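**Student:** A single structure is presented below for examination.
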Amino acid sequence: MATKTLLTAEEYLQISDRGPSELVRGEVTEMSPPSYRHGVVCVNVGVVLKLWARANNAGSVAGNDAGVVTERNPDTVRGADVQFISRARLPEGYPEEGYPAVPPDLAVEVLSPNDRWAEVVLKVDEYLAAGVLEVWLVDPQNEFVEVRRSDRSPVRFECDELLISEAVLPGFQCLVREFFARD
């Protein structure tokens, strides 16, 4: 019986033609290609966070499924739709290539219509166990954001509510509807 060869995060990063995927416990797991709407919402979230981060010299925002290493031996690399790492946690001269040595303060997952809630919650739990301070689940279909942290119950923000994340993003606030703008 053949033994599976499990990839490390570094080996996974070197695969040039992998398509939409994540590394889960050493194995490449294919994902459905995102829809246009998904991409629009990801950009909206990223722009709102980037403008806030720049105005406050707060840290770095990344998108496009930038990898977050959530487990080692075997390695798991999740593709957060958007992530933020505060200047306080960001290593000096953080790498241009590869994965940051620290987990993000915030990971954002924009839900797709084919996502199963149980699988998304498992991914959230991985992020939190890896040291991510807060995870936003952004639902474009129902237009809400659910904020999850390890130290409290999930909090849901509806479309017309003000999303505030004072503990993780001091001074940040925006109307949830900004994430779902279609312009």
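**Student:** Of the conditions (1) farther than 23 Å from Asp115 by Cβ; (2) in contact (Cβ under 8 Å) with a residue 60 or more places away in the chain; (3) not β-branched (Val, Ile, Thr), Arg182 fails just one. Which one is it?
**Tutor:** (1)
**Student:** Take the residues in the range 63-80 that are free of Cβ contacts under 8 Å to residues at least 40 places away in the same chain and either under 12 Å from the mean Cα position of the chain (by Cα) or outside any loop (DSSP other than H, G, I, E, B) (or both); name whichever of them is nearest to Thr5 (Cα to Cα).
**Tutor:** Ala66
**Student:** Let me ask something else about it. Which of the residues spanning the range 60-85 are within 17 Å of Glu178 (Cα to Cα) and either surrounded by fewer than 16 Cβ atoms within 10 Å (Cβ to Cβ) or hydroxyl-bearing (Ser, Thr, Tyr) (or both)?
**Tutor:** none
**Student:** Let me ask something additional. Anything in the range 81-93 that is part of a loop (DSSP other than H, G, I, E, B) and on the phi < 0 side of the Ramachandran plot? List them, or say none.
**Tutor:** If the condition is that a residue be part of a loop (DSSP other than H, G, I, E, B) and on the phi < 0 side of the Ramachandran plot, then Asp81, Arg87, Ala88, Arg89, Leu90, Pro91, Glu92 are the ones that fit.
**Student:** Name every residue in the range 40-72 that is polar (S, T, N, Q) and closer than 30 Å to Thr8 by Cβ, in order of residue number.
**Tutor:** Ser60, Asn64, Thr70, listed by residue number.
**Student:** Also: Can you name the strands (runs of 3 or more DSSP E) wholly within the range 99-158 that have at least 1 residues being in contact (Cβ under 8 Å) with a residue 40 or more places away in the chain and closer than 17 Å to Ile85 by Cα?
**Tutor:** Fully inside the range 99-158 and qualifying: 106-110, 134-139.
**Student:** Which residues, taken from the range 141-183, are touching a helix residue (DSSP H, G or I) at 6+ places or on another chain (Cβ under 8 Å) and polar (S, T, N, Q)?
**Tutor:** Ser150
**Student:** Which condition breaks for Asn57 when tested against (1) over 21 Å from Tyr36 (Cα atoms); (2) buried (at least 18 other Cβ atoms within 10 Å of the Cβ)?
**Tutor:** (2)
**Student:** If I ask for residues that are in contact (Cβ under 8 Å) with a residue 40 or more places away in the chain and touching a strand residue (DSSP E or B) at 6+ places or on another chain (Cβ under 9 Å), which ones from the range 1-20 would you list?
**Tutor:** Leu6, Leu7, Thr8, Ala9, Tyr12, Leu13, Pro20
**Student:** Here's something else I'd like to know. Of the numbered conditions (1) of a type outside the set (Gly, Ala, Ser); (2) at pLDDT 90 or above; (3) within 17 Å of the chain's Cα centre (by Cα); (4) assigned to a loop (DSSP other than H, G, I, E, B), Val45 satisfies every one except a single condition; which is it?
**Tutor:** (4)
**Student:** Now a separate question. Within the range 6-24, track down each residue that is surrounded by fewer than 13 Cβ atoms within 10 Å (Cβ to Cβ) and either modelled with pLDDT of 90 or more or within 17 Å of the chain's Cα centre (by Cα) (or both).
**Tutor:** Of everything in the range 6-24, those that are surrounded by fewer than 13 Cβ atoms within 10 Å (Cβ to Cβ) and either modelled with pLDDT of 90 or more or within 17 Å of the chain's Cα centre (by Cα) (or both) turn out to be Glu10, Pro20.
**Student:** List, please: which pairs have Cβ atoms under 7 Å, are six or more places apart or on different chains, and start with a residue in the range 23-47 that is within 16 Å of Pro113 (Cα to Cα) and end with one that is assigned to a helix (DSSP H, G or I)?
**Tutor:** Once the first residue is within 16 Å of Pro113 (Cα to Cα) and sits in the range 23-47, its partners that are assigned to a helix (DSSP H, G or I) give Val41/Phe179; Val41/Phe180.
The values are calculated or read from the model by the stated rules, or taken from the named source; none is laboratory data. Quick caveat: nothing in here was measured; it's all calculated off a predicted structure. Counting neighbours? That spans all protein chains shown, and the Cβs are built from the backbone with ideal geometry, glycine included.
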